[in-house]
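Structure, as structure tokens:
The values are calculated or read from the model by the stated rules, or taken from the named source; none is laboratory data. The model shown is predicted, which means the values in this text are computed figures rather than measured ones. Note: ideal-geometry Cβ built from the backbone for every residue, glycine included; neighbour counts use all protein chains shown. For the accessible areas, the whole protein counts, side chains as well, though only heavy atoms, and no ligand, DNA or RNA atoms are used. Shrake-Rupley method; radii C 1.70, N 1.55, O 1.52, S 1.80 Å.
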Amino acid sequence: MTLTLYLAAGSCSLASQIALEEAQASYEPRALLMADGEQKQADFLAINPRGRVPALVIDGTPISETVAILTYISLRFPEAALLPFDDPDLMGKAYERMSWYASSLHVGIAQMWRTERFSAEEDGWTGIQACGRAIVESGFDEIEQRFEGPWVLGDHYSVVDGYTQVFWRWGERMGVDMSQYRRWAAQGNRLLERPAVARALASEKQALDARTAAVA
Ligand SMILES: N[C@@H](CCC(=O)N[C@@H](CS)C(=O)NCC(=O)O)C(=O)O
């Protein structure tokens, strides 16, 4: 089986890359330069017609959407126990959380940083961005309040933890005072101590450095 992960630095593709590293999967990371619009170029649109990362190509067949990719990796590498498949209640929690991230919190981020998707009329952008920020900030409060254990799903480390880290990075980028989120910070610190997460972050950087060096 060959696996290729299309990613972009600082993006939500980090969640999929952490999952691949946790699974000790053999995969090729391929960084796109989003600032150059590579996600909208024909060769990538042939992989994901929506022009978004992450995309995971499995033996030539692509899948996109973070929740789908995280599910695929968890099922493909069951020994890594990246989702609690034998616990329906916990699985419900895992999918509630991942669906909320993908359908609401990430969309709030897009309202701020990709406002052109929501209205062609620039006059209305300030309001759209303010609503996006409010969605994100109340979502961050919810993340903090709902921590019940060392990990997002309590005692079970899962792909949801890496996905949650994506939002932490974005919060820092937005200039949110992340020091107010103590339990979330503790989970993030535990996460960063995991060798797989360190490998994912290094690999994300390396893939980007290789691309920027090639372009320079
Ligand atoms: N629903 C998709 C969203 C993917 C997405 O929006 N990815 C962003 C990076 S975080 C992207 O590729 N943006 C490129 C663009 O908007 O042109 C998922 O959850 O994977």
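For region 17-106, the Kirkwood hydrodynamic radius comes to 14.5 Å, computed from all pairs of different C-alpha atoms.
In plain terms, the chain from Arg114 to Leu33 could stretch by 27.6 nm, reckoned as 0.36 nm per residue minus the Cα-Cα distance. Here the Gaussian network model covers the chain, with springs between Cα atoms less than 10 Å apart; of Ser119, Ser74, Ser99, Ser119 fluctuates the most.
Take each of the peptides 9-17, 62-70, average the number of other beta-carbon atoms within 10 Å over its residues, and list them starting from the highest.
Details: 9-17: 23.3, 62-70: 19.4.
So the peptides 9-17, 62-70, ranked by packing, come out 9-17, 62-70.
Rg/Rh, computed from the Cα trace of region 26-174 with Rh as the Kirkwood radius, has the value 0.99. For a label point 7 Å from the Cα of Arg50 along Cα→C-beta, name the residues of region 101-139 whose backbone N is under 14 Å from it. Once the point is set 7 Å along Cα→Cβ of Arg50, 101-108, 110 turn out to lie under 14 Å by backbone N, inside region 101-139.
Contact order, relative form, for region 1-44: 44 percent (alpha carbon pairs under 8 Å, 6 or more residues apart, mean separation divided by residue count). Once the Kirkwood radius over Cα pairs is known for region 53-141, the Stokes-Einstein relation at 25 °C and 0.890 mPa s delivers a diffusion coefficient of 162 µm²/s.
If R0 is taken as 25 Å, the Cβ-Cβ distance between Thr2 and Glu79 corresponds to a FRET efficiency of 0.80.
Can you give the Rg to Rh ratio of region 139-188, both from alpha-carbon atoms, with Rh computed by the Kirkwood formula? Don't jump to the answer; show the numbers that get you there.
On the way: Rg = 10.2 Å, Rh = 10.9 Å.
Here Rg/Rh amounts to 0.94.
Sorted from longest to shortest, the spans of the Cα atoms of region 103-160 along the three principal axes equal 47, 19, 13 Å. For the chain, adding -39500 (n - 2.57) for each run of n ≥ 4 DSSP H residues and dividing by the number of residues yields -17000 deg cm²/dmol at 222 nm. The residue list Gln129, Met112, Ala35 was ranked by how far each Cα lies along the charge dipole of region 1-149 toward its positive end, using unit charges on Cβ atoms, and Ala35 comes out on top. Among the trypsin sites (Lys or Arg not before Pro) within region 31-90, which fall in a DSSP loop and have no more than 13 other Cβ atoms within 10 Å of their own Cβ? Sites meeting the loop and neighbour criteria: Arg50.
Of the accessible area of the chain, with the probe set at 1.4 angstrom, what percent is carbon plus sulfur?
Values: 5420 of 10470 Å².
About 52 percent, which is the carbon plus sulfur part of the accessible surface.
Per residue, region 163-216 exposes 54 Å² of accessible surface when a 1.4 Å probe is rolled over the protein heavy atoms with every protein chain present.
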